[in-house]
1. Which loop chymotrypsin sites (Phe, Trp or Tyr not before Pro) in the range 35-132, with loop taken from DSSP, have no more than 15 other Cβ atoms within 10 angstrom of their Cβ?
2. Student exercise: in the chain, how many lysine pairs 8 or more apart or on different chains have Cα atoms under 14 Å apart?
3. Using the scaling law 2.2 N^0.38 Å as the reference, what is the normalised Cα Rg of the chain?
Amino acid sequence: MSEMPAKVRVDKWLWAARFFKTRSLAKAAIEGGKVQLDGNRIKVSREINVGDRLQIRQGWDVKDVEVIALSDQRRGAPEAQQLYRETDDSVARREAEAAARKAAGGMIDRPAQRPTKKQRRQIHRFRDLMDD
């Protein structure tokens with residue numbers, strides 16, 4: 001990160017900071033409202049600045065991060081982690097939620113096998129009855 005660009009689009013920064021594998025996935029997340037700037041939805045073309053606070057929802061996790069540096073190039077993970085700092089509250093909340101999910105993991109009953117063709121037909125019939 002020898003040169004810091006003056007302006008970086010939020011989708012490009014999310015990709016460079018390795019929150020998303022591709023820019024198109026970052027774009028889809030932004031358009032879906034999964035990335036917020038100071039609690040507000042943003043557009044893909046929005047330019048971010050150092051000091052901005054982003055809230056990024058990925059799967060079960062919600063990360064609150066502060067932009068420390070700007071980059072429009074994707075580099076290794078150690079360098080990408082220097083672009084942002086996750087808040088202490090965010091880390092604690094994610095760890096607590098992960099522990100709760102792990103504790104509740106045994107309570108979720110999963111079937112031993114996939115439904116057979118006959119069972120699938122019965123399920124579809126039942127759903128059709130419920131929709132009417």
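1. Counting only loop positions with at most 15 other Cβ atoms within 10 Å, the chymotrypsin sites (Phe, Trp or Tyr not before Pro) in the range 35-132 are TRP60.
2. Number of lysine pairs found: 6.
3. On the way: Rg = 20.4 Å, N = 132, 2.2 N^0.38 = 14.1 Å.
Ratio of Cα Rg to 2.2 N^0.38 Å: 1.45.
We did not get these values from a lab; they are worked out from the coordinates using the rules stated. This structure is a prediction, so every number in the text was calculated from the model and none was measured. Because the Cβ atoms are built from the backbone with ideal geometry, glycine has one as well, and the counts that use them run over all protein chains shown.
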